[in-house]
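To start, the structure itself, in structure tokens.
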Amino acid sequence: MAGQDTSAPTGLTYAEAGVDIEAGNALVGRLKGVVRATRRPGADAEIGGFGGLFDLKAAGFKDPVLVAANDGVGTKLKIAIETGVHDTIGIDLVAMSVNDVVVQGAEPLFFLDYFACGKLSGDVAFEVVAGIAEGCKQAGCALVGGETAEMPGMYADGDYDLAGFAVGAAERGTLLPRRDVKAGDVLLALASSGVHSNGYSLARRIVARSGLGYDAPAPFATETTLGRALLEPTRIYVKPLLAALKTGGVKALAHITGGGLPDNLPRVLPDGLGADIDLSRISAPPVFGWLARTGGVAEAEMLRAFNCGVGMVVVVASEDAGTVAEVLSEQGETVARVGKIVARSASEEPVAFSGSLGF
């Protein structure tokens, strides 16, 4: 029509701004079967609603106290993104929260995830959430919901971030740590599967110093690549620990994450008590020796930055140590008696080490 201004801009759409609603809807459809496989008593594990539901009565609880935890996986994500290996990082996400729930004597019941990215890739997101569902199955908890956020301008294309949220429950009066932790109690260490999900800012610096690519054979595990070896997922200790709790012999549990043994074990010890640990009784996976040697990292620094082969510590009375260790071994855990609880003044370091890790 004569006189019409043809230079006026056309109206924008959300897709042109970088957010694809249809891709998000398609992802939810693909994930429904994966999520449904995490069903358990109390939850039907269906997604698509505005909130996830859980029935504590159907799960068998009478007078429950809820326990919640949340976490991420830190810069381990950078290795997953750089290698294109996305199928295990979701297990890490679940592990970091459910292991924190079970150390308080609670059974993890359900989990929610948050996946944020610059541009949604349905295949990457599917692999990540499928890993989350696998972690939930290992922990015996239901994946009842989550959020996928596509945020162009906040994240570069190809980058993503994760957060996870776990809720569990314990019958009132059964929470850990117990008040009867005392000098003479025994420390049982449960082996880690590797680096787990802490210390990766240092680990990545060491890899850069080594000059190796993530696709190179791992010097400490030549049957796999360095990237795959460093992405070995965090061990989920939930089911073995729930079995051990039924013995009545477990007084306290400590999840060994950032800060290692020196920072995490004191969190479950009463005032006036500390721990003596014989490092020679710990069989650290070869990855830790390689990290220490390649990075020139002192043993004390290794113990603060990494788990160094111990993913969980169990505090038990000396007379119960054999029974608890046997149950954990039957559940597939590698158990080592590494030390004991001792009286220690506030002016002393709460955790004292003898022996050496042998790096």
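Summary table below
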read-out	value
Residue-normalised accessible area of the stretch 1-107, given per residue in Å² at a 1.4 Å probe	56
3J(HN,Hα) from dihedral phi, the stretch 110-123, Karplus parametrisation 6.51/-1.76/1.60, rounded to Hz, x for glycine, proline	8, 9, 10, 10, 10, 10, 10, 8, x, 9, 6, 10, x, 5
Percent breakdown of C-alpha pair distances by 5 Å bin, ordered from the shortest bin, for the stretch 39-170	2, 11, 21, 23, 18, 12, 7, 4, 2, 0
Within the chain, helix-based [θ] at 222 nm, where runs of 4 or more DSSP H residues each add -39,500 (n - 2.57), nearest 500	-9000 deg cm²/dmol
In Hz, Karplus ³J(HN,Hα) per residue of the stretch 326-338 (6.51, -1.76, 1.60; θ = phi - 60°; x = Gly, Pro)	5, 4, 5, 5, 5, 8, x, 8, 8, 10, 9, 7, 10
Peptides ranked, highest mean first, by Cβ atoms within 10 Å: ranges 16-24, 308-316, 286-294	308-316, 286-294, 16-24
Two-decimal Rg/Rh across the stretch 103-231, once Rg and the Kirkwood Rh are taken from alpha-carbon atoms	1.06
The stretch 138-209 - convex hull of the alpha-carbon atoms, volume per residue in Å³	230
Carbon plus sulfur fraction of accessible area for the stretch 226-278, probe 1.4 Å, in percent	43
The stretch 42-101, accessible surface, carbon-and-sulfur percent (1.4 angstrom probe)	53
Relative intensity, log₁₀ I(q)/I(0), of the stretch 241-359 from a Debye sum that treats every alpha carbon as a point, q = 0.10 Å⁻¹	-0.31
Long-range amide H partners of VAL310 with built H, under 5 Å	SER192
1.4 Å probe accessible area per residue over the stretch 193-319, in Å²	39
In Hz, Karplus ³J(HN,Hα) per residue of the stretch 295-312 (6.51, -1.76, 1.60; θ = phi - 60°; x = Gly, Pro)	x, x, 8, 5, 4, 4, 6, 4, 5, 8, 8, 10, 6, 6, x, 10, x, 7
Highest-MSF residue in the chain out of THR83, THR247, THR148 [GNM, Cα springs under 10 Å]	THR247
Volume in Å³ per residue [convex hull over Cα atoms, computed for the stretch 22-95]	130
Debye-sum result for the chain in log10 I(q)/I(0), which assumes one identical scatterer on each alpha carbon, at q = 0.08, 0.12 Å⁻¹	-0.44, -0.92
Size descriptor, Kirkwood hydrodynamic radius, that averages inverse alpha-carbon separations across the stretch 165-307, Å	17.2
Placed amide H near ALA218: partners under 5 Å, 5+ positions off or other chain	THR224, THR225, LEU226
Carbon/sulfur fraction of accessible area - the stretch 126-179, other protein chains in place, 1.4 Å, %	52
Set of lysines with alpha-carbon distance to LYS62 below 29 Å, sequence-local pairs under 8 removed	LYS137, LYS239, LYS246, LYS251
Accessible surface, the stretch 112-157, averaged per residue in Å² (probe 1.4 Å)	39
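The values are calculated or read from the model by the stated rules, or taken from the named source; none is laboratory data. Because the structure is predicted, anything quoted here is derived from the model rather than measured. Cβ: placed from backbone, ideal geometry, glycine included. Neighbour counts: every protein chain shown. The area values use the complete protein model at the heavy-atom level, side chains included, leaving out ligands, DNA and RNA. Shrake-Rupley method; radii C 1.70, N 1.55, O 1.52, S 1.80 Å.
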